Amino acid sequence: MDVFAAYSDHRLTRPDGRVVAWTEWGEPGGVPLFRIPGTPGCRWSVRADTSPWALRGLRVITTERPGFGASTPLPGRGFRAHADDLAAILDHLGIERVHLIGASGAAPHELAFAQSYPARVRAATILVGTAPLAENEIETMIPLNQQSHRLCRAGLRDDEAALLGPVREAILADPLAAFRAIMEHAPADDQAVMRDPNWQATFARAQTEALGARLDGWVDESLAMSQNWDEIHPEAIGTDITWQHAAADANCPHAAARRLVDRLPNARFIAWPDDVGHLYGYRHEGEILDELLARG
């Protein structure tokens, strides 16, 4: 069974000549939902089990940032440039307002879109999102993220590319084995998700598509995550936001996320159980969506 058969693949050329890609699932008249991928991720960061979407009558649009997958790189990008790409996709599709959902590296991109286009967002949910880090929080992350963050804070693009290059090659050779190695100390709940055949099928394609053509997107993204948070003005973002996070998450430190949420005027923080990690949301898609849809 082809788990991707129900998805359609799309492209849009922006005024600067860049191509922006996305996938869609569901009927055109469904409730529009922007799914913003984590890092690295792409338009194929989707689900094999789409029953939570079908039950809620959704039209799911999974986006892709510059330099990942089929989307043209935009060197030196921060967060706001991609917010304009997202608005252009909505214009192209004739959609006025959407719900937003994303995890991990999606966080600043959701916030940037809500900040730049508040009238186009019904409500947003962020799962285990990345946030600006204090120096003492860097050492709480998984080793790859620690090394990457320190290099990017110092602006060492070539060194960051040298760090991520071999990781990319390992992912392309065997995405599941490479991710398990990166997440070797993840909680048992995360390990169970990584054994799920449906999760494995979509994760493998998302990773190989995201990184198959080039490394640029991952490097640009990592630099932005470490350097470009001054583009985000949390106190000015009035969107209704729920941020859900795991205390044991070693990808995106809990304390940093909580500190950012406290600056958002219309946000709430939901703490996941103490013994779960970065992937907990995968098996709770339905209840997460119900909470989001009820707010808009």
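Mind checking Rg over Rh on the chain, alpha carbons, Kirkwood formula for Rh?
Rounded to two decimals, Rg over Rh is 0.92.
Scan the chain and report its longest stretch carrying no GluC sites (Glu not before Pro) that are both in a DSSP loop and have at most 15 other Cβ atoms within 10 Å.
Result, exposed sites excluded: 185-296.
To the nearest 20 debye, what charge dipole does the chain have about its Cα centre, counting +1 at the Cβ of each Lys and Arg and -1 at the Cβ of each Asp and Glu? Before the final figure, lay out each step's value.
Numbers: 28 positive and 40 negative charges, 110 e Å.
Roughly 520 debye, rounded to the nearest 20.
Once each part is reduced to its C-alpha centroid, what is the distance from segment 188-215 to segment 218-278 in angstrom?
Between the Cα centres of segment 188-215 and segment 218-278 lies a distance of 22 Å.
Stretch Glu135-Asp158 to full length: gain in nm at 0.36 nm per residue minus the Cα-Cα span?
6.1 nm
As a test of the definition: which semi-axes, in Å, follow for segment 1-41 when you take the square root of five times each eigenvalue of its alpha carbon gyration tensor? Largest first, please.
21, 14, 12
Computed FRET efficiency, Cβ-Cβ of Gln146 and Ala88, R0 41 Å: what is it to the nearest 0.05?
Working: r = 35 Å, r/R0 = 0.87.
In this case the efficiency is close to 0.70.
Calculate, in nm to one decimal, what Asp49 and Ala247 gain on full extension: separation in residues at 0.36 nm each, minus their alpha carbon distance. Each step should come with its number before you reach the end.
Details: separation 198, 0.36 × 198 = 71.28 nm, distance 2.68 nm.
Full extension of this stretch gives 68.6 nm more.
Restricting to the chain, what percent of DSSP beta bridges are antiparallel, rounded to 5?
Working: 9 of 33 bridges.
Taking every DSSP beta bridge with both residues in the chain, the antiparallel ones total about 25 percent.
With springs connecting C-alpha atoms under 10 Å apart, model the chain as a Gaussian network and identify which of Asp230, Asp216, Asp240 has the largest mean-square fluctuation.
So, out of Asp230, Asp216, Asp240, the one fluctuating most is Asp230.
Only the coordinates and a few stated rules stand behind these numbers; no lab work does. The model shown is predicted, which means the values in this text are computed figures rather than measured ones. Glycine also receives a Cβ, built like all others from the backbone with ideal geometry; neighbour counts cover every protein chain displayed.
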